[in-house]
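Remarks on the structure that follows.
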Amino acid sequence: MKKALIFLMLLLALDIVNSASLEGNVYDISLDKIKNVIVEIDTKPLQRIVAKGGTYEFKSIPVGSYSIRAYTPDKKLESIDNITIESDGSYNYDIFLIPELEETNQKISIWPYIIGLVILIIIVLMFLRYGKKPVKEELDKDLNYLIDIIKKEGNRATQKDLVQKTGLSEAKISLMITDLESKGAIKKIRKGRANIIILNK
């Protein structure tokens, strides 16, 4: 009986020698202690305490690796950490309960940029292809207007008359006459100080 009792005491002594204590504080994101946090460590059996003042302590933890979990009673804040007890002694481990940041799953779509680029390319191509057409049409319209005036004047008119009847500047009328002459629509004959414009039939 005495031998059994001595053996049991030796086992208990070895267990005490090969065990450690773990203590620490529980903080929030502002590094303030959080009160009434539940802290547990998965020893066998599981140990659980309520850190009323924001401080916890576990005793008689055998050497080994453990998971230490801390959470508020409403479970809005929670932390799970791994800790290794390598030898007997006193360990200090502070726990931080930080709210999880919500991950944004918003994917940036490149389609609006592609569509915008395609539209821009189309606009540029249309401008390059048709951009000068309105100017040409306007010029042709002015030239036709000038030809109509010459027709009304009996297929001939002086350059000075064309300036007066159109209300356009002398420089513009001169350019229009040169253009019509290059196209073979009119003939320009110099008579004294005046230019006679004759419409080709």
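Can you list the chymotrypsin sites (Phe, Trp or Tyr not before Pro) in the stretch 17-101 that are in a DSSP coil and have 15 or fewer other beta carbons within 10 angstrom?
On the way: sites: Tyr27, Tyr56, Phe58, Tyr66, Tyr71, Tyr91, Tyr93, Phe96; in loops: Tyr93.
Qualifying residues, ordered by number: Tyr93.
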Amide proton proximity set for Gln47, modelled H, under 5 Å, gap of 5+: Ile41
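Treating only the Cβ of Lys, Arg, Asp and Glu as charged (+1, +1, -1, -1), what charge dipole size does the stretch 134-199 show about its Cα centre? Round to the nearest 20 debye.
That gives the stretch 134-199 a dipole magnitude of about 400 debye.
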Sort Asp32, Asp88 so that the residue with the fewest other Cβ atoms within 10 Å of its own Cβ comes first and the one with the most comes last. Asp32, Asp88
Residue by residue through the stretch 160-176, the couplings from Karplus 6.51 cos²θ - 1.76 cosθ + 1.60 with θ = phi - 60°, in Hz, x for Gly and Pro, are 5, 5, 5, 5, 5, 6, 8, x, 8, 6, 4, 5, 5, 4, 5, 5, 5
Can you run phi through the Karplus equation (6.51, -1.76, 1.60; θ = phi - 60°) for the stretch 74-87 and list ³J(HN,Hα) in whole Hz, with x for Gly and Pro? 7, 6, 6, 10, 8, 9, 10, 10, 9, 9, 10, 9, 8, 7
Cut-off under 5 Å, modelled amide H: who pairs with Asp94 long-range: Asn25
Once the piece of chain linking Asn144 and Asn36 is laid out straight, how much longer is it, given 0.36 nm per residue of separation minus the C-alpha distance between them? 29.4 nm
Karplus-derived 3J(HN,Hα), 6.51/-1.76/1.60, for each residue of the stretch 187-196, Hz, glycine and proline x: 10, 10, 10, 8, 9, x, 9, 10, 9, 9
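Laboratory data are not the source of any read-out in this text; all were calculated from the coordinates shown. The structure displayed is predicted, hence computed values, not measured ones. Here Cβ is always computed from backbone atoms with ideal geometry, including for glycine, and neighbour counts include all displayed protein chains.
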